[in-house]
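Down below is the structure, laid out as structure tokens.
Every read-out reported here was derived from the displayed coordinates using simple, explicitly stated rules and does not represent laboratory data. Here the structure is a predicted model, which means the values were calculated and not measured. Here the Cβ is made from the backbone with ideal geometry for all residues, glycine too, and neighbour counts use every protein chain on show.
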Amino acid sequence: MFPILEKIGETGILPVIKVEKRKHAKPLANALMNGGVSAIEITLRSEAALDSIRDIKEAFPQMAVGAGTVLTTAQIDAAVEAGADYIVTPGFNPENVEYCIKNGIPITPGAVTASDIELGISMGLDVFKYFPAEQMGGLQAMQLLSGPFSKVKFIPTGGLNFNLLPQYLAKDFVLACGGSYMANSDLIRQEKWTEIEQLSKKALEISMGFELAHIGINHENEEQAAATANWFNSAFNMANTNHTKSIFAGKAVECMKEPFYGTKGHIGFSTISMRRALPYLRSKGFKFREESLVTDANGTPKWIYFADEIGGFAVHIVQR
């Protein structure tokens, strides 16, 4: 996968925007960045597009800035000259794909059929735009395609909104969700940058999907752990489940059979995507107990503990 696409995948949110006026480019990018969204795709469907790419990249060099709705190699050259980090095409044009690969330009072509995906894989690609997503079968169609193409990631775009984001972003085959749901044309025309910032934060919160999973309480031995679990069962009718290292009272309280991370115990938070959550939290400066990392058979993180204790409790995140 191109590194720039990995960066987009770290938040899972890709604004796909038609900028009609050049003056809107920088304040738009600023609002997105303040909302935690560090990528944007500027579609080449306005006269202001190339200048907008140039202005955003100069003002925010850390932002992943792409050119979308690219149809020709001439447009590819113009977008790269303006500073675009990657190219997005609505469909699969082998000439454009080959041109980008030959020149080392990251590209995400549109692909909604097995034939296009197979051709893209043969050319060395593993990320495809799925457009228009909802109209072309949405999650069900991508789920079926991910069967024979298990290593492929999609960036669905078209018809997505905040109600659909949790369903899409919970799937491992979805790298990011593209769209203007956080910055539609009316908000941009009316220069409602604060609202765009707040909607960007909302999108990012959905992408991470952090929720309190359970509380862990340390004990010296299994007898003490059982007594605590029985108390919760008696008080709240939380049935006990015995595991190797702990006894769960319901799903909310984990009674450790011996001292574990944390002076008093631990607090677990779940996320819909460890693949996104870890890079996101690391980008915010948080450190982890790397020895606590547990992965699945494919090397995908399942859970990990933060390095710091909070109020005597260790904190960990776990894949939901």
Just VAL88, VAL294, VAL152 to compare: in a GNM of the chain, with alpha carbon springs under 10 Å, which one fluctuates most? VAL294
Identify the trypsin sites (Lys or Arg not before Pro) of the stretch 149-203 meeting these criteria: DSSP loop state and at most 10 other C-beta atoms within 10 Å of the C-beta. LYS151
Mind listing the phi-derived Karplus ³J(HN,Hα) values for the stretch 251-264, rounded to whole Hz, using 6.51, -1.76 and 1.60 with θ = phi - 60°, and x for any glycine or proline? 10, 9, 10, 10, 9, 6, 7, 7, x, 10, 3, x, 4, 9
Taking placed amide H atoms and a strict 5 Å upper bound, the residues 5 or more places from VAL174 or on another chain that come that close are PHE154
Considering only DSSP beta bridges with both partners in the chain, what is the antiparallel share in %, to the nearest 5? 40
Rounded to the nearest 500, the 222 nm mean residue ellipticity computed for the chain from DSSP H runs (n ≥ 4, each -39500 (n - 2.57)) alone is -10500 deg cm²/dmol
Where in the chain are the DSSP H helices whose C-alpha atoms run 20 Å or more along the long axis and whose mean Kyte hydropathy is at least -0.5? 193-208, 222-236
Using a Gaussian network model of the chain whose springs link C-alpha atoms within less than 10 Å, name the residue from ASN103, ASN237, ASN298 with the highest mean-square fluctuation. ASN298
Only Cα pairs under 8 Å and at least 6 apart count here; give the relative contact order of the stretch 1-107 as a rounded whole percent. 23
Give, in nm to one decimal, the length gained when the segment between ASN230 and LEU144 is fully stretched (0.36 nm per residue of separation minus the Cα-Cα distance). 26.5 nm
Over the stretch 184-320, calculate the relative contact order: mean separation of alpha carbon pairs under 8 Å at least 6 apart, over the residue count, as a percent. 23
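Compute the relative contact order of the chain as a whole-number percentage, counting only Cα pairs closer than 8 Å that sit 6 or more residues apart in sequence.
So the answer I get is 14 percent.
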Name the most mobile residue of ALA176, ALA297, ALA213, meaning the one with the largest mean-square fluctuation, in a Gaussian network model of the chain with Cα contacts below 10 Å. ALA297
Where both partners of a DSSP beta bridge lie in the stretch 157-278, what percent of those bridges are antiparallel, to the nearest 5? 75
Measuring from centroid to centroid over Cα atoms, what is the spacing of the stretch 155-194 and the stretch 6-56 in Å? 13
Efficiency by 1/(1 + (r/R0)^6): what FRET value for SER185 and ASP126, r their Cβ-Cβ distance, R0 = 30 Å, to the nearest 0.05? 0.40
Overall dimensions of the stretch 107-172 as given by Cα atoms, namely Rg and Dmax in Å: 11.3, 35
Set LYS129/LYS287; LYS21/LYS202; LYS171/LYS284; LYS171/LYS264; LYS151/LYS245; LYS102/LYS284, cut-off 31 Å on Cα-Cα distance; pairs above it are LYS129/LYS287; LYS171/LYS264; LYS151/LYS245; LYS102/LYS284
For the chain, what is the convex hull volume of the alpha-carbon atoms per residue, in Å³? 152
Can you give me the long-range amide H partners of SER292? Hydrogens built in the peptide plane at 1.01 Å from N, cutoff under 5 Å, separation of 5 or more residues or another chain. TYR305
